[in-house]
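The values are calculated or read from the model by the stated rules, or taken from the named source; none is laboratory data. Since this is a predicted model, take the numbers as computed values, not measurements. Cβ placement follows ideal geometry from the backbone for every residue including glycine, while neighbour counts extend to all protein chains displayed. The protein model used for the area step is the full one, side chains on, heavy atoms only, and it has no ligands, DNA or RNA in it. Shrake-Rupley method; radii C 1.70, N 1.55, O 1.52, S 1.80 Å.
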Amino acid sequence: MKKTVLVTGGAGYIGSHMVKLLLEKGHRVVVFDNLSRGFADAVLCPDLVVGDLLNPAAINDVFSRFQVDVVMHFAALAYVGESMQHPREYYYNNVAGSMNLLNAMLDHGIDKFVFSSTCATYGVPEKMPITEAEAQRPINPYGQSKLMVERILADYAQAYGMNSIALRYFNAAGCDPDGRLGERHDPETHLIPLVLEEAQRVIQGGNPAATGLEVFGTDFDTADGSCVRDYIHVTDLCAAHLAAMDRLLDTPETGAEAYNLGNGNGFSVLDVIDVCRRVTGVGINYRASARRPGDPAVLIGSADKALDILGWEPRYTDLEEIVASAWLWMNGVSAQQEKAEELLA
Ligand code: UDP
């Protein structure tokens, strides 16, 4: 049945892909975003409310204007490295912002919440692949801020009957296979887009030896010394949100649940660079740099619980396919930019 879904952070990378999927499924979507990191032109639904979760009146007003059935909360600061330098911003935005949202939901009798959490809540796990039973001991403020919200959700379930599903993403990657939406961050800090930008630079005539691409840490306790991560396609993440929403709608008193979303395969930073070389056909070079503070050596997820209970299954299990979708989008965008520049010239 058609529902009204509030998507906070719907102008961002994952949120904008979610809006597209919800529209394709026939739902009504309202986006609430402060556009600090997102892009208004990535919002494919007509209802975009520009506002800040740190302003309780702004979010309360949205619930007064729209009959919202389910909230999907993507809006957050989400860079591990930045969170080590600016914990103040991270705790304030991610924790206080989420509390304002949840409290406004309570005030308006809305009890269905899907939360973007992260594998960074596990810190340095003892067992691999990581299951939901693993202890959550984050090693950076980003992970801490997300864990704090998970704890709030558990207490709000018990005291107020708030039903929530926290989805702990591993490394979100790739772009809308239609090429309409992509991964746009300003500044870009994520590995796959940075490697692909390096390939683009070389294609545009840049000197391959003068690479700006850095590999953060080549002395980890891994097969090739670089960090290992589990990359999951953004479309698969969105499909899991849809399954989570269905579960909240179909199961009364869900309480506070959490699920890992990953592919269960680990790729090192050097593996990723190799895959990008194959996809782009460019001999990408890199520089070995110091470790980035806050980075655990290996993060690989077990998504068995999501497979079992949400009935979710990732479609993009091949890293080459994930990288190819990002490359397709990047080239589409640069082609469009070139066309615009030609027109202006
Ligand atoms: N990384 C890197 N060089 C970069 C960006 C990232 O070596 O320019 C590494 C980073 O240290 C981590 C992995 O690539 O081990 C994935 O980082 P990303 O920022 O994409 O995602 P995160 O794991 O922080 O969510």
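For region 269-294, the set of residues classified as under 19 Å from Ser325 (Cα atoms) and under 20 Å from the mean Cα position of the chain (by Cα) consists of Val269, Val272, listed by residue number. Considering (1) under 14 Å from Val71 (Cβ atoms); (2) surrounded by 16 or more Cβ atoms within 10 Å (Cβ to Cβ); (3) away from the ligand (no atom under 15 Å from the Cβ), the lone condition that Glu132 does not fulfil carries the number (1). When Gly262, Gly266 are checked against the criterion of being small (Gly, Ala, Ser), more than 9 Å from the ligand (Cβ to nearest atom) and over 17 Å from the mean Cα position of the chain (by Cα), Gly266 stands alone in meeting it.
Applying the condition of being of a type in the set (D, E, K, R) and more than 16 Å from the ligand (Cβ to nearest atom) to region 142-175 and asking which residue is farthest from the chain's Cα centre (by Cα) yields Asp155.
The single residue among Val80, Val95, Val68 that is in contact with a strand residue (DSSP E or B) (Cβ under 8 Å, 6 or more places away or on another chain) and at negative phi turns out to be Val68. Checking each residue in region 141-151 for being open to solvent by 30 Å² or more (accessible area, probe 1.4 Å) and of a type in the set (A, V, I, L, M) picks out only Met148.
Restricting Leu77, Leu106, Leu102 to those that are in a helix (DSSP H, G or I), buried (at least 19 other Cβ atoms within 10 Å of the Cβ) and in contact with a helix residue (DSSP H, G or I) (Cβ under 8 Å, 6 or more places away or on another chain) reduces the list to Leu102. For Glu126, the stated conditions hold: it is within 25 Å of Cys227 (Cβ to Cβ), in a loop (DSSP other than H, G, I, E, B), open to solvent by 20 Å² or more (accessible area, probe 1.4 Å) and not hydroxyl-bearing (Ser, Thr, Tyr).
Across region 190-209, the number of residues qualifying as in contact (Cβ under 8 Å) with a residue 40 or more places away in the chain and either more than 9 Å from the ligand (Cβ to nearest atom) or over 29 Å from the mean Cα position of the chain (by Cα) (or both) comes to 9.
The lone criterion from (1) at pLDDT below 95; (2) farther than 21 Å from Ala11 by Cβ; (3) away from the ligand (no atom under 16 Å from the Cβ) left unmet by Asp178 is number (2).
Could you tell me whether region 210-223 includes any residue that is free of Cβ contacts under 8 Å to residues at least 24 places away in the same chain, more than 15 Å from the ligand (Cβ to nearest atom), surrounded by fewer than 21 Cβ atoms within 10 Å (Cβ to Cβ) and not in a helix (DSSP H, G or I)? Within region 210-223, one or more residues are free of Cβ contacts under 8 Å to residues at least 24 places away in the same chain, more than 15 Å from the ligand (Cβ to nearest atom), surrounded by fewer than 21 Cβ atoms within 10 Å (Cβ to Cβ) and not in a helix (DSSP H, G or I).
Out of curiosity, is Arg247 under 27 Å from Asn140 (Cβ atoms) and open to solvent by 50 Å² or more (accessible area, probe 1.4 Å)? No; evaluated as a whole, the condition is false for this residue.
Per this entry, Thr254 is counted among residues that are within 21 Å of Tyr169 (Cα to Cα) and of a type in the set (Val, Ile, Thr). Residues in region 21-39 that are open to solvent by 20 Å² or more (accessible area, probe 1.4 Å), part of a helix (DSSP H, G or I) and in contact (Cβ under 8 Å) with a residue 40 or more places away in the chain: Leu21 only.
Table: residues versus (1) under 19 Å from the mean Cα position of the chain (by Cα); (2) within 25 Å of Thr4 (Cβ to Cβ); (3) within 16 Å of the ligand (Cβ to nearest atom).
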position: Phe32; (1), (2), (3): yes, yes, no
position: Leu53; (1), (2), (3): yes, yes, no
position: Gly81; (1), (2), (3): yes, no, yes
position: Gly109; (1), (2), (3): no, yes, no
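Going through Ala288, Ala256, Ala240, Ala306 one at a time, which residue ends up being in contact (Cβ under 8 Å) with a residue 60 or more places away in the chain, closer than 25 Å to Met148 by Cβ, of a type in the set (A, V, I, L, M) and open to solvent by 30 Å² or more (accessible area, probe 1.4 Å)? Spell out the reasoning first.
Details: Ala288 fails: closer than 25 Å to Met148 by Cβ; Ala240 fails: open to solvent by 30 Å² or more (accessible area, probe 1.4 Å); Ala306 fails: open to solvent by 30 Å² or more (accessible area, probe 1.4 Å).
Every option except Ala256 fails the conditions.
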